[in-house]
Amino acid sequence: MAEYGVAEGQHVAVVWDRHSKVDALKDLVQIIQGVVGQQGGVSVENLDQLIKSAHKESSFDVILSGLVLNSAAVHSSEVLAEMARILRPGGRILLREPVSPSVTPGGGGNEGGIRNPAQLSSTLTLSGLTEVKEVQKEPLTPQEAQAVGRLLGYQGDDLRFLQMTGRKPNFEVGSASQLKLSFAKKNVPLVKPVVDAAAAKLWTLSANDMNDEEVDLLDSDELLDPEDLKKPDPSSLRATSCGEGSSTKKKACKNCTCGLAEELEAEKDKNAPKPSAQSKSACGNCYLGDAFRCASCPYLGMPAFRPGEKILLNPTQLQDT
């Protein structure tokens with residue numbers, strides 16, 4: 001049957017709905033069975049039960065839906081997606097559905113799910129089909145349109161039947177294929193970009209482009225006032241709160257930069273007690289460290305003394321060796 005796109009050896013699914021005539025369905029199945037022969041097969045499915053069918057993926061070469069006499073099938077997105085699933089890669093769907101050119105997207109009064117031709121084509125495409133196109137339009141008389149509208153619960157008399165076809169791509173959904181990529185380095189000669197001479201001249205500045213007589217040069221020293229050359233008073237550089245925090249003792253800030261920390265350190269060294277005479281031996285150099293001590297010095301092995309340090313000796317060091 002060239003009009004349905006069925007050939008010998010193919011597996012065909014014929015989908016009918018509750019409005020289809022049983023005798024017309026049997027006649028269509030017999031005709032298709034005679035075309036596909038013993039090598040092919042015909043499966044009859046109800047439109048409302050198709051989603052619950054147990055067919056595996058890629059089971060049919062052709063799916064015919066809504067082509068039985070008196071059929072008024074409206075294909076939902078779920079039904080079309082199921083048809084695309086059980087269709088083999090490269091397979092074809094041919095369906096017949098009532099449409100209305102006056103239906104607008106989001107419009108009211110469309111209880112029967114009637115779509116316009118553009119919406120039906122878009123739904124087929126979103127279901128995963130390609131090469132979607134119109135095959136035939138069947139105008140209906142006002143009486144026939146009203147009869148089909150009553151079956152579907154549609155209020156309107158502008159219905160017409162539209163046959164559309166679509167094809168599944170030549171691959172299965174979720175299939176994978178290894179890509180052959182070549183990362184071999186190619187010796188591509190470097191080509192120096194061409195520079196516009198006019199543009200290069202525009203952005204090039206040479207000594208000849210400036211006339212010294214027209215340029216006024218300023219001496220950097222002239223930019224300084226006499227006040228800028230005076231050395232500032234260190235006290236003026238301190239913050240207003242510098243040294244505060246104690247009523248009796250000044251304290252430098254952390255990371256002091258005004259010189260107060262150095263000033264307090266100098267005062268500390270100045271007020272530190274000098275090394276007592278007890279820290280010195282007869283030679284007067286014991287407090288300096290082992291390099292200056294005698295072999296019998298009681299301070300031998302001890303580090304150098306700090307100013308004001310109290311010296312404590314081990315009793316064993318006081319014994320006469």
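The numbers here are math on the coordinates, done by the rules we state, and not lab data. All values derive from a computational prediction rather than experimental measurement. Neighbour counts run over all protein chains shown; Cβ positions are idealised from the backbone, glycine included.
At a glance:
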quantity: Spatially proximal aspartates and glutamates relative to K250 (Cα-Cα < 17 Å; intrachain offsets below 8 disregarded); calculated: E262, E263, E265, E267, D269
quantity: Length released on extending from E131 to D233, taking residue separation times 0.36 nm less the Cα-Cα span; calculated: 27.7 nm
quantity: Inverse of mean 1/r across different Cα pairs in region 11-167, Kirkwood, Å; calculated: 16.0 Å
quantity: Phi to ³J(HN,Hα) by Karplus 6.51 cos²θ - 1.76 cosθ + 1.60 over region 140-151, Hz, x for Gly, Pro; calculated: 10, 6, x, 5, 5, 5, 5, 5, 5, x, 5, 5
quantity: Residues of region 1-41 with amide N under 17 Å of the 7 Å Cα→Cβ point at D48; calculated: 15-22
quantity: Cβ-defined net charge surrounding G166, 9 Å radius [Lys, Arg +1; Asp, Glu -1]; calculated: +3
quantity: Nearest-0.05 FRET efficiency for R150 and D27, computed from C-beta distance (R0 25 Å); calculated: 0.45
quantity: Residue-wise HN-Hα coupling along region 187-201, computed from phi with Karplus coefficients 6.51, -1.76, 1.60 (Hz; x: Gly, Pro); calculated: 7, 9, x, 6, 10, 6, x, 7, 9, 5, 4, 5, 5, 5, 5
quantity: Other-chain or far-sequence residues with amide H under 5 Å of V44's (modelled H); calculated: V14
quantity: Segment V191-E222, extension gain: residue separation times 0.36 nm, minus the distance between their alpha carbons; calculated: 5.9 nm
quantity: Over 28 Å between alpha carbons, listed pairs K26/K137; K26/K52; K56/K137; calculated: K56/K137
quantity: Residues with amide H under 5 Å from that of V74, placed H, sequence gap 5 or more; calculated: none
